[in-house]
Every structure is written in structure tokens, then in C-alpha cells.
Amino acid sequence: MDHGPKEGDSVGAAAGDAARGAASSSGGVVVQVREKKGPLRAAIPYMPFPVAVICLFLNTFVPGLGTFVSAFTVLCGARTDLPDRHVCCVFWLNIAAALIQILTAIVMVGWIMSIFWGMDMVILATERRCRAAESDLH
């Protein structure tokens, strides 16, 4: 069974040379992808890592509870991806997300959303932690 050209074949080598030639002649192309976040997703606060893990734990066992707790971290100064919105608006967006999770947990959608929300909190906390470590190096 032959599954196409293998590494070292003349066809594979020619294709690779053509690709390298195109990249070097044009100077290379840099593509940047940015995730577009909706207002609820952008309202998730950048919390300290231990707090984010606690919120994930709460969201896993009581849908919406970790999201509800995270809303109060916004009032305590946690940063979000909505810098142009007032703190109270971001607080209420997080409360709305918690209510959606609680009300739709009956049909499992809210529970799954709640777990993913908690995972996003931990991911954002990890990003926050990495940025802090990088700024300490500089």
C-alpha cells in the first residue's frame, strides 16, 4: 500500500523547495489570530490561581456557584477583558452568567457550561501568573 510521496522522494522534495522559495522570496507571512469574546466570556475575571481553582471546584459540584463567587472578585479589583465597562456592569454580567448556569443545569447544559467556565477561570489565572513571572524577569 502506497500512501503518497515519502520524505526524500523527488515530489516531496520539490514541494518543500517550492514552499521554502515562496516564503523566502516574499519575506514570510505572519498570521495572527485573536479570539473574539462575547460580553459574558470577556467578563470572566483574571483571579489569583488558587481562587480560580476553588471556583472551578465549586462550578464542578454546584453549577454556577464558582461563577457567582468570581463576580465578587471583580468588586475586589480583579481585571477583566472589558476595561471600558464599569465594575458594577461587569459584576452583573458575571451574576447573569451564574444564573444562566444555575437555571440551565437541570438539562445538563448549565452544568457543562459551568465546568467550562471554571476551566476558563483557571486558564486566565495561569495567563496572569505567566505575565507576572515575565514582568519579574524584565
Fill in the blank from the handout: Here the gain from full extension of Leu137 to Val109, 0.36 nm per residue of separation minus their alpha-carbon distance, amounts to 5.9 nm
Practice task
Only loop residues by DSSP count here, and only those with at most 10 other Cβ atoms within 10 Å; note down the GluC sites (Glu not before Pro) in segment 33-138 that meet that.
Solution key: Glu35
Fill in the blank from the handout: Extension length gain for Leu40 and Asp84 (0.36 nm per residue less Cα distance), in nm, is 14.4 nm
Handout entry: Residues of segment 27-88: accessible area per residue with a 1.4 Å probe, Å²
Key = 63
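The values are calculated or read from the model by the stated rules, or taken from the named source; none is laboratory data. None of the values given here were measured: they were computed from a predicted structure. All Cβ positions, glycine included, derive from the backbone under ideal geometry; neighbour counts span all protein chains shown. Heads up: the accessible areas ignore ligands, DNA and RNA and are worked out on the full protein's heavy atoms, side chains in. Shrake-Rupley method; radii C 1.70, N 1.55, O 1.52, S 1.80 Å.
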